[in-house]
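Encoded as structure tokens, the structure appears first; notes follow it.
The values are calculated or read from the model by the stated rules, or taken from the named source; none is laboratory data. Values in this document were obtained by computation on a predicted structure and should not be read as measured data. For neighbour counting, all protein chains shown are included, and Cβ atoms are generated from backbone atoms with ideal geometry for every residue, glycine included. The area values use the complete protein model at the heavy-atom level, side chains included, leaving out ligands, DNA and RNA. Shrake-Rupley method; radii C 1.70, N 1.55, O 1.52, S 1.80 Å.
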Amino acid sequence: NYQKTILEAYTEVINELSYIESLKQINYLKKEQSKILEQSVETSNELYRSANANYLELLFAQQNLLQVQLDLVKTEKEFHISIIKLYKALGGGWK
């Protein structure tokens, strides 16, 4: 039982560390995507003001940016939850 418990705890820790690392990478990529989509919104806005694009195109650009920003918030939330799970897996005092 002792060895089984140790092995399960080790597996939980390794899984959480791996998940945290992947969330860091996702977070970085989402931030980069957000920067690019912010530029897209600015460009769409300029095109709309110069009558080279319609308002629907501007709305689509804004919608894409909003979706990525929501994904970024979700990823950050998952990151913080994963840190808590790691703390728990390391024996952080929960019963």
Exercise for review: For residues that are part of a helix (DSSP H, G or I) and open to solvent by less than 60 Å² (accessible area, probe 1.4 Å), scanning just the stretch 74-95, find the one that is farthest from Glu8 (Cα to Cα).
Suggested key: Thr75
Exercise for review: Out of the residues in the stretch 39-73 that are acidic (Asp, Glu) and open to solvent by 80 Å² or more (accessible area, probe 1.4 Å), state the one that is nearest to Lys24 (Cα to Cα).
Suggested key: Glu42
Exercise for review: Please go through the stretch 1-34 and pick out each residue that is among the basic types (Lys, Arg), surrounded by 11 or more Cβ atoms within 10 Å (Cβ to Cβ) and more than 18 Å from Ile81 (Cβ to Cβ).
Suggested key: Lys31
